[in-house]
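Below: the structure, in structure tokens.
The values are calculated or read from the model by the stated rules, or taken from the named source; none is laboratory data. Please read these numbers as outputs of a predicted model, since none were measured by experiment. Because the Cβ atoms are built from the backbone with ideal geometry, glycine has one as well, and the counts that use them run over all protein chains shown.
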Amino acid sequence: MKKAWLILGLFCVLLPWQFIGQTEQLKTNFKQFYALEDVNVAETESLLNSLQVDGSWTDIDYTMTRRSNWLPLNHLKRLKSLAIAYNQPDSDYFQDKIVSEAILKGLNYWCNHKFWSENWWLKQIGIPQNLGPILILCESFIPDALQQKALQLMDASEIGMSGQNKIWLSGNVFMRELLRDHEDVYKIAATTIEDIVVQSTGAEEGLQPDFSFHQHGPQPQFGNYGLHFSEDIVMWMFIFNNTTLSFPKSKVDLMRNFLFKGQQKVVYNGKYDVLASGRQLFPEYVDGEIYRGAKTKYATFNKVKNQFNAFDTHTNPEQAPIGYTHFQNSDYSVYRTTQFFSPVRMSSTRIIGAEAGNGENQQAYYLGDGTNLIYRTGDEYYEIYPVWDWKKLPGTTIVQDTVKLPILGWEGYRNDSDFSGGLDAGNTGITAFKYRRDDVAANKSYVFRNNKIYALGSGITSSRNDELYTSINQCRLKGDVIVSSTTEGLKKVWHDSIAYFSLDHNVIQYKQDIALGSWNKVVSWMPDTVVKDSIFYVGIGHGVQPKSERYAYVSIVGVSPEDMFQTQVKDLATILMHTDSAHVLVFNNGQEITISAFEACTIWLSNEQSVAFNSACLVTFTKQDQGWLVHVSDPTQLLSEILFVISGEYTSSSQTTFKKNSNTEVRVKLPQGIDIGTTVNFSLEK
């Protein structure tokens, strides 16, 4: 917001704090931060007109006690909106007496009643978190007696806990003690907030080495706790700026990386990725008000990004970069082109697949089992959750029993394998994992290259007495579905500019139908009103109790039906090896080879050349004028080196090589510490 008053105000913020006293400087910074907010005139007018004489709103159920979406909190949120309007110099309501009187009525109503929720979080965090800004922004006209009542409610917050909860609690203490002018105490709170902004070693919660975010154990929480972390830390960086509490440059740099190398990578076309949203798979509107759906999360990120850019000295990217990223600390990968965005969410012995709590995410039993989505417009899965078949999540291999899905707890679940990782080879990315859960085993890999996603599975085994399916996609139906069959059965399906090809003996199954469901089955406190939508599904069946079955398919994005009919399997990557041990694809007549080795094995790169690995690994070989460019990663994150023997005589300037007859032994030193699980690359030269 490039307005003259704001520029002048920000100039005042830059004045040395000694001239006006640190407490007053912090309050000024606080007001300048909220001055960045836009004021919705119609919304403000509506709040003023609907406020009752006693200071309540008739559309809020003040008797509600439920744990999530606790409507009484909206009372404080509305007062906060009015406080922002009152302090916005460019607003029609700037220092308006009608607004100040409304705020006093509303604050008196709240402080003179004892509203209660079953959720501890609301008393200790949610209520004080909203009271603090109201009291600071409106300090000039709130009577002392009323302020003291409100501050007593804020006394429920004490510094403690971990991760985002600790930031919230410390922030509440800071606001409370700032109002009491207890400088020694609010300094402790500010220091606690700053101390939390550290890069975890990967073993703790919070901001991870790969710029993902964990809460409730080793669990990716980009879109709830991580997004709140972004909101709060950027706010406190702004408020503490140019005082003795200012964040050091190193922590501002760390926050920049979290925003632009982490958060920005999980948003696409105005929405937040389903797989990065934590347990909060919510609709955009709840009880008629904007809540926390995919669009709202995206808007929150954009607001935070703009707030950060308001004081950051760097020019930051507006969009996430094209390419592949594997978040090795979170078993989560994303691939982005100019045409589409595709994430994969996995789990392992290291990483929790999903959690449920507060009645949220009740269908997420398989969410971290290799779910692979394909977004083009961003609407493909938007609010699909009530009608999704949660046993047919895209990319997963799941038993199709008729038993109701178990509801997870706060502890979530883990896949019983340490093999879960990714490899970044520039224009190619590999994501792979061993799936071992509920008497089902499968070795699964996804190769992202240009406009294609290759998916291979092997070792598919189940002892369950129900059909086992690998789902390729399940999304909102849009337009026609076109199929292409052979004498062997259905091999190609086209829908919404994506062609799905079977690359082996498997027949593709598809359906388009009206699906019925309700939000209540996903979020327990939402109504069980019937929701219906048109759904497209495509997948591959493996039968009952399969043993070492396989699948191979490719999703080609951004093509027409004519393109599908004209494309032949021979025009795509060649499957060089497809066994329980390894998945090997060859591109451009041997110019590039991708390898997902699930155990020690030998692979023939050509009729003349082989390579033998001593352990599981992910590898690409790309031909150079003299030898190969090699990319390697360790998906188990257990090894310090990977050894392989390749036929031919090679040397490397960065890795140890030994010549053995006409072969070369290569010892690849793997990244350790915070870089464990990342990709190393080097050349093998003849």
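Of all the listed residues (N108, N49, N74), the sole one being under 21 Å from W168 (Cα atoms), of a type outside the set (S, T, Y) and surrounded by fewer than 20 Cβ atoms within 10 Å (Cβ to Cβ) is N74.
Just to be sure, is F211 crowded, with 21+ Cβ neighbours inside 10 Å and in a helix (DSSP H, G or I)?
On the way: crowded, with 21+ Cβ neighbours inside 10 Å: yes; in a helix (DSSP H, G or I): no.
For F211, the condition - crowded, with 21+ Cβ neighbours inside 10 Å and in a helix (DSSP H, G or I) - is not met.
The strands (runs of 3 or more DSSP E) falling completely within the stretch 486-563 that include 3 or more residues that are surrounded by fewer than 18 Cβ atoms within 10 Å (Cβ to Cβ) map to 509-517, 531-544.
To keep it simple, each residue is scored yes or no on (1) in contact with a Gly (Cβ under 7 Å, 6 or more places away or on another chain); (2) surrounded by 24 or more Cβ atoms within 10 Å (Cβ to Cβ); (3) assigned to a strand (DSSP E or B); (4) among the aromatic types (F, W, Y).
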position: D401; (1), (2), (3), (4): no, no, no, no
position: I407; (1), (2), (3), (4): no, no, no, no
position: G422; (1), (2), (3), (4): yes, yes, yes, no
position: I430; (1), (2), (3), (4): yes, yes, yes, no
position: F433; (1), (2), (3), (4): yes, yes, yes, yes
position: G479; (1), (2), (3), (4): no, no, no, no
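Do the conditions hold for D379, that is, is it more than 23 Å from Y551 (Cα to Cα), charged (D, E, K, R) and in contact (Cβ under 8 Å) with a residue 60 or more places away in the chain? Taking the combined requirement at face value, the residue satisfies it. Residue selection: Y86 satisfies the criterion of being touching a residue at least 24 places away in the same chain (Cβ under 8 Å), over 16 Å from Y291 (Cβ atoms) and part of a helix (DSSP H, G or I).
With respect to I384, is the statement that it is touching a Ser or Thr at 6+ places or on another chain (Cβ under 9 Å), in contact (Cβ under 8 Å) with a residue 24 or more places away in the chain, not small (G, A, S) and not assigned by TED's automatic domain parsing to the domain that holds S615 true? Working first, answer last.
Values: touching a Ser or Thr at 6+ places or on another chain (Cβ under 9 Å): no; in contact (Cβ under 8 Å) with a residue 24 or more places away in the chain: yes; not small (G, A, S): yes; not assigned by TED's automatic domain parsing to the domain that holds S615: yes.
Considered against the rule, which asks whether it is touching a Ser or Thr at 6+ places or on another chain (Cβ under 9 Å), in contact (Cβ under 8 Å) with a residue 24 or more places away in the chain, not small (G, A, S) and not assigned by TED's automatic domain parsing to the domain that holds S615, I384 comes out as no.
Filtered by the rule that a residue be more than 15 Å from the chain's Cα centre (by Cα) and under 21 Å from L638 (Cβ atoms), the stretch 343-370 gives S348, T349, R350. Scan the stretch 65-117 for residues that are under 38 Å from the mean Cα position of the chain (by Cα) and among the β-branched types (V, I, T) and the total you get is 3. Is the stretch 295-312 home to any residue that is in contact (Cβ under 8 Å) with a residue 60 or more places away in the chain, outside the structural domain of D438 (by TED's automatic domain parsing) and in a loop (DSSP other than H, G, I, E, B)? Checked against the condition, which is being in contact (Cβ under 8 Å) with a residue 60 or more places away in the chain, outside the structural domain of D438 (by TED's automatic domain parsing) and in a loop (DSSP other than H, G, I, E, B), the stretch 295-312 yields at least one hit.
The residues listed here are S212, S246, S200, S250; of these, the one that is at pLDDT 95 or above and in contact with a strand residue (DSSP E or B) (Cβ under 6 Å, 6 or more places away or on another chain) is S212. Filtering W494, W519 for residues that are touching a strand residue (DSSP E or B) at 6+ places or on another chain (Cβ under 9 Å), within 30 Å of E118 (Cα to Cα) and in contact (Cβ under 8 Å) with a residue 60 or more places away in the chain leaves a single hit, W519. T622 satisfies every condition listed in (1) touching a residue at least 60 places away in the same chain (Cβ under 8 Å); (2) under 14 Å from S458 (Cα atoms); (3) touching a Leu at 6+ places or on another chain (Cβ under 6 Å) except (2).
Residue count for the stretch 342-390 satisfying the condition of being more than 24 Å from S518 (Cβ to Cβ), part of a loop (DSSP other than H, G, I, E, B) and of a type in the set (A, V, I, L, M, F, W, C): 3. Tell me yes or no: at least one residue of the stretch 106-128 is farther than 18 Å from L36 by Cβ and in contact with a strand residue (DSSP E or B) (Cβ under 7 Å, 6 or more places away or on another chain). Yes.
I'm trying to understand the selection: among the residues of the stretch 158-207, which are of a type in the set (S, T, N, Q), surrounded by fewer than 15 Cβ atoms within 10 Å (Cβ to Cβ) and over 30 Å from I676 (Cβ atoms)?
T191
With respect to being among the β-branched types (V, I, T) and at pLDDT below 95, T461 falls outside the description.
Looking only at the stretch 52-71, filter to residues that are part of a loop (DSSP other than H, G, I, E, B) and hydrophobic (A, V, I, L, M, F, W, C); which one of those is surrounded by the most Cβ atoms within 10 Å (Cβ to Cβ)?
Among residues in the stretch 52-71 that are part of a loop (DSSP other than H, G, I, E, B) and hydrophobic (A, V, I, L, M, F, W, C), the one surrounded by the most Cβ atoms within 10 Å (Cβ to Cβ) is W70.
Inclusion of I98 among residues that are out of contact with any strand residue (DSSP E or B) (no Cβ under 8 Å at 6 or more places or on another chain), crowded, with 17+ Cβ neighbours inside 10 Å, among the β-branched types (V, I, T) and modelled with pLDDT of 95 or more is not warranted.
Counting the residues of the stretch 325-367 that are crowded, with 24+ Cβ neighbours inside 10 Å, of a type in the set (S, T, N, Q) and touching a strand residue (DSSP E or B) at 6+ places or on another chain (Cβ under 6 Å) gives 5.
Residue-level check: of (1) in a helix (DSSP H, G or I); (2) buried (at least 22 other Cβ atoms within 10 Å of the Cβ); (3) at pLDDT 95 or above, G126 misses just (2). Just one of the listed residues (D287, D273) is closer than 21 Å to G357 by Cβ, crowded, with 22+ Cβ neighbours inside 10 Å and acidic (D, E), namely D273.
Screening K660 with (1) over 24 Å from G426 (Cα atoms); (2) in contact with a Pro (Cβ under 8 Å, 6 or more places away or on another chain) gives one miss only, at (2). Looking across the stretch 124-169 at every residue that is within 23 Å of R67 (Cβ to Cβ) and of a type in the set (G, A, S), the one that is nearest to the chain's Cα centre (by Cα) is identified as G163.
May I ask you to list the residues in the stretch 409-420 that are hydrophobic (A, V, I, L, M, F, W, C) and buried (at least 21 other Cβ atoms within 10 Å of the Cβ)? Once the filter is applied, which keeps residues that are hydrophobic (A, V, I, L, M, F, W, C) and buried (at least 21 other Cβ atoms within 10 Å of the Cβ), the stretch 409-420 yields only F419.
Listed residues A552, A616, A597, A573; which is within 30 Å of G539 (Cα to Cα) and touching a Cys at 6+ places or on another chain (Cβ under 6 Å)?
After ruling out the rest, the residue left standing is A597.
Output the residue which, of all residues in the stretch 240-277 that are among the hydroxyl-bearing types (S, T, Y), touching a Gly at 6+ places or on another chain (Cβ under 6 Å) and outside any loop (DSSP other than H, G, I, E, B), is nearest to G21 (Cα to Cα). Filtering first and then ranking leaves Y272.
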